[in-house]
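Data first, discussion second: the structure below is written as structure tokens.
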Amino acid sequence: MFEELLLVALRLRVRFFEATSMEAGQQCLFCHEVVEDGPDCQTCLKHMAVKALECFGEGIRDASVLQMLTNEPDDPLANLAILGSLCLLKIAIPGVKTSQLNGESPLYKTDLQLYLLAVIWLDFYLRRNPRNDSLRMLLVKLYLNMGCVTRALQVWESFDVKNTLLESLGSMYIDRLASISPSHFAPGPGGQNNLSNAFVHHFETAIRKRYPEAAIRALQAGSYVQLGQSILLAQDQSRNCALVLAVVERRRGARLKSGKSESSIQDEPLIGEFDWAALRWEMDETKIALGSLSPDYVLEDATDYEPLPNWGKPGFPTTEQLVSYGPLPTVNSPLVLLFRQYH
């Protein structure tokens, strides 16, 4: 039974790969239906969702399959749950959102019954087997779109994301989160409840301590190649989308929670250009001056979308586009930063 499920999951993934990369007017290779609006063959999506759910139900009731899951690296039940849920989501969500309108729900025009079925399916298996990263990350994004921040946070914390991983994974969680749950960014006792604190602490340590100290050591050793690398790394840190989103979400959450007007984003010490001429090379103290935002301020998106299950053909809408609320951080960070600069 276990091997049969592995084969079914593999066959469905091949079909999913082809059925989600169709052009309008193209005939599907599997169901032979002519696709009216690409890139998805709706007939195949419905068939795959039903087939995945049937096989998943058979596997979850089979004691031998559950026993083999503890020893095998491959998990066909997780693959079936993810693939079936992706099919449901593609049917439920009418196209990829490239903009975010004021007052518009992340689930606007979404078939809520199918969307909730996908969430329940994934969460059900997560409680049985919490090892699959793709399943967990997809579930985090779905819960955030629903506004279920507490449950999303529980699943997110299972990744134990810290330090440098915040640079590559953090933006997938924190982007626009204050608009959904400003209380998670409001200052609590000792600031413990503020979700932006881990981001700010990481980037402050890197920008103000780690890389300046590395630059000093490089100067003392006469290693000018390493000096240049330290400067470039520090500059990249100051332009990281995750840093910008953390600062913006913290400010937004405080404003929505307290109703008070905020200071200019120009006053944020972590948002700005490096003035390396103001870097004083001293053994006991190193100071970095961060200036005002300039028109050519360029942000770098270091987000790693690998944990999300992108099982479609390259060049077609991705899973992160499907489950994101509005544009991705690459687009959203510069826009929100520019808006906050002048408003």
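The values are calculated or read from the model by the stated rules, or taken from the named source; none is laboratory data. Note that the structure is a prediction, hence the values are computed from the model and not measured. We place every Cβ from the backbone using ideal geometry, glycine too, and count neighbours over all the protein chains shown.
For the range 90-106, state whether one or more residues are assigned to a helix (DSSP H, G or I), out of contact with any strand residue (DSSP E or B) (no Cβ under 8 Å at 6 or more places or on another chain), under 25 Å from G38 (Cβ atoms) and among the polar types (S, T, N, Q).
no
State which residue is modelled with the lowest pLDDT when the search covers only the range 74-122 and only residues that are crowded, with 17+ Cβ neighbours inside 10 Å and over 18 Å from T319 (Cα atoms).
Here the residue is D75.
Here is a yes/no grid of residues against (1) touching a helix residue (DSSP H, G or I) at 6+ places or on another chain (Cβ under 8 Å); (2) over 19 Å from K51 (Cβ atoms); (3) assigned by TED's automatic domain parsing to the domain that holds L322; (4) assigned to a helix (DSSP H, G or I):
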position	(1), (2), (3), (4)
L77	yes, no, no, yes
I120	no, no, no, yes
D123	yes, yes, no, yes
M172	yes, yes, no, yes
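Yes/no per residue for (1) part of a helix (DSSP H, G or I); (2) without any contact (Cβ under 8 Å) to a residue 60 or more places away in the chain; (3) surrounded by 14 or more Cβ atoms within 10 Å (Cβ to Cβ); (4) at positive phi:
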{"site": "E3", "(1), (2), (3), (4)": "yes, yes, no, no"}
{"site": "L7", "(1), (2), (3), (4)": "yes, yes, no, no"}
{"site": "E23", "(1), (2), (3), (4)": "no, yes, no, no"}
{"site": "G38", "(1), (2), (3), (4)": "no, yes, yes, no"}
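Kindly evaluate R131 against the criterion of being in a loop (DSSP other than H, G, I, E, B) and either among the polar types (S, T, N, Q) or out of contact with any helix residue (DSSP H, G or I) (no Cβ under 6 Å at 6 or more places or on another chain) (or both).
yes
Considering (1) among the polar types (S, T, N, Q); (2) surrounded by fewer than 16 Cβ atoms within 10 Å (Cβ to Cβ); (3) within 23 Å of K51 (Cα to Cα), say which one T164 fails and leave the rest.
(3)
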